[in-house]
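These notes are about the structure you will find just below.
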Amino acid sequence: MLDMLVVGGGYVGLAAAVAVKQAAPHLDIEVIEAAPAGVWEKDERASAIIAAASRMLEVFGAWNEIAPEAQPINRMIVTDSRTSDPVRPVFLTFDGEMEEGRPFAHMVPNVAMVRALRGVAERLGIPIRHGLSATGFRNGSTHCTVSLKDGSTLETRLLVACDGVRSKLRDMAGIRTVTWNYGQSGIVTTVAHERPHDGVAEEHFLPSGPFAILPLTGNRSSLVWTERTAEAERLVAADDLIFEEELQRRFGHKLGELRVVGSKRAFPLGLTLARAFVAPRLALAGDAAHGIHPISGQGLNLGFKDVAALAETVVEADRLGLDIGGLNVLERYQSWRRFDTFRMGVTTDVLNRLFSNDLTPLRIARDLGLGLVEHMPKLKTFFIDQAAGKTDSEGPKLLAGQAI
């Protein structure tokens with residue numbers, strides 16, 4: 001019988017398995033992944049990794065492998081304008097250094113992250129089985145029995161669902177969600193440009209939604225371009241010449257000529273918040289617990305925060321001789337994470353609704369608000385600390401760079 005079975009072999013699932021196994025090597029942990037082997041290694045996207053998450057990856061021993069491909073974000077610029085505006089005034093800037101030698105975030109290629117986490121999992125002896133999905137589970141007094149797609153079963157004391165925003169395990173457990181669709185899609189691609197970006201990230205609030213330019217290593221940037229869904233589909237289907245012309249209108253010319261060097265994909269945007277993060281012998285983590293708008297770049301980082309809290313909850317319960325899958329144990333994890341997640345979900349929802357429009361009164365009000373933050377150093381520091389995931393003494397140890 002397993003101690004912990006993780007369903008989902010992406011970044012959050014691998015991190016959850018690694019975090020618990022590293023702190024409690026005697027626990028028997030396994031990961032199953034519905035996708036065939038090699039799929040995650042083909043992901044061309046990049047993710048913003050906040051300082052707290054990079055500290056956790058350092059504890060795992062994964063960050064040294066990731067670091068050569070990670071681009072520090074040295075500065076963040078926020079503008080609010082129309083696409084046709086000849087000048088985009090800067091309303092808010094954040095210096096990227098949270099503390100000496102550590103920026104508040106890095107941009108990391110997803111392939112580098114999954115490769116490093118998979119390597120740590122293998123060194124810890126965590127089996128990762130591909131092409132397997134859970135089709136059901138049945139709870140018992142000491143464990144649950146998980147039915148798999150190939151007809152086999154696994155018994156585990158704790159089942160961790162990291163199977164995405166459309167989590168089947170969440171639905172099987174009868175956990176309801178708060179869900180709505182924004183009618184927007186996020187276009188994601190990578191572009192090369194003539195001039196260096198100097199580690200500067202930019203977020204342009206345009207009437208159709210935020211347009212984020214995020215620096216990668218070399219003269220490259222990752223884009224998260226929000227448009228109404230029909231327009232996003234048209235742009236992705238267009239040839240590169242049309243796409244690049246529309247892109248240049250939004251990107252501007254300060255980095256010179258642009259060239260698309262990655263595949264173009266559009267992802268529907270919405271909000272999904274699980275009403276509960278746990279059920280008997282089940283814990284949700286990552287997108288299975290929450291899917292939010294990318295306006296803040298916090299989606300994956302919320303998942304890493306889940307990992308830190310869940311791992312500490314499980315490991316401490318194990319050290320005390322408690323049942324790691326017991327609902328009374330898992331409720332500590334839920335209380336640790338649910339408020340922070342709902343707060344972030346509501347914040348991104350409000351920001352998206354506030355900035356994804358062209359109403360003059362709202363534009364004046366929000367620009368005044370951005371300008372106010374820009375001229376209040378203590379408030380800016382607070383926002384930077386929040387963005388970087390700075391924790392207090394009550395926060396999970398892994399996010400502070402401490403082993404459990």
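Values in this text are rule-based calculations from the coordinates and carry no lab data. Keep in mind that what you see is a predicted model, and the values were worked out from it rather than measured. Positions of Cβ are backbone-derived with ideal geometry, glycine not excepted, and every protein chain shown enters the neighbour counts.
Here are some values of Rg and Dmax of the Cα atoms in Å: (1) 34.7, 102; (2) 22.2, 70; (3) 21.3, 66. Which one was computed from this structure? Answer label, from the structure shown: (3).
Counting neighbouring beta carbons within 10 Å and listing from fewest to most, the residues His253, His26, His130, His143 come out as His26, His253, His130, His143.
Over segment 202-243, what portion of Cα pair distances is larger than 11 Å, expressed as a whole percent?
Roughly 69 percent, once rounded to a whole number.
Going from the fewest other Cβ atoms within 10 Å to the most, the residues Val236, Val6, Val12, Val188 appear in the order Val236, Val188, Val12, Val6. Pairs spanning more than 26 Å between alpha-carbon atoms, out of Lys264/Lys305; Lys42/Lys168; Lys42/Lys397; Lys21/Lys264; Lys264/Lys397: Lys264/Lys305; Lys42/Lys397; Lys21/Lys264; Lys264/Lys397.
Relative to the current alpha-carbon distance between Leu124 and Phe342, full extension at 0.36 nm per residue lengthens the span by 75.1 nm. Kindly state, to the nearest 0.05, the FRET efficiency for Thr142 paired with Val39, given R0 = 25 Å and r defined as their beta-carbon distance. For R0 = 25 Å, the calculated efficiency reads 0.15. In a reduced charge model with +1 at each Lys and Arg Cβ and -1 at each Asp and Glu Cβ, segment 98-253 shows a dipole moment near 960 debye about its Cα centre. In the chain, if the dipole is taken from +1 on Lys/Arg beta carbons and -1 on Asp/Glu beta carbons about the Cα centre, which of Gly186, Ile73, Gly119 is farthest to the positive end? The one lying farthest along the dipole's positive direction is Gly186. Take the Cβ-Cβ distance between Glu231 and Ala67 as r, set R0 to 51 Å, and report the resulting FRET efficiency rounded to the nearest 0.05. Given R0 = 51 Å and the Cβ-Cβ separation, E is 0.85. Going by neighbour counts of Cβ atoms within 10 Å, the residues Thr177, Thr135 line up, fewest first, as Thr135, Thr177. For the pair Asn328 and Ser152, label points projected 7 Å from Cα toward Cβ lie 3.5 nm apart.
Let me know the volume per residue of the alpha-carbon convex hull for segment 115-161, in Å³.
Once divided by residue count, the hull of segment 115-161 is 92 Å³.
Available extension along the chain between Glu257 and Arg195 is 21.5 nm, counting 0.36 nm per residue and deducting the alpha carbon span.
For the chain, the membrane-span-like helices by this rule, meaning whole DSSP H stretches whose C-alpha atoms cover at least 27 Å of axis and whose Kyte-Doolittle mean is 0.0 or above, are 299-319; this says nothing about an actual membrane. Just name one of Met56, His253, Ser221: the one whose Cα is farthest towards the positive end of the charge dipole of the chain (beta-carbon charges, Lys/Arg +1, Asp/Glu -1). In the chain, that residue is Met56.
With the helix formula -39500 (n - 2.57) applied to DSSP H stretches of n ≥ 4, the chain reaches a computed 222 nm mean residue ellipticity of -11500 deg cm²/dmol. If you plug the beta carbon distance of Phe267 and Thr93 into 1/(1 + (r/R0)^6) with R0 = 45 Å, you get a FRET efficiency near 0.95.
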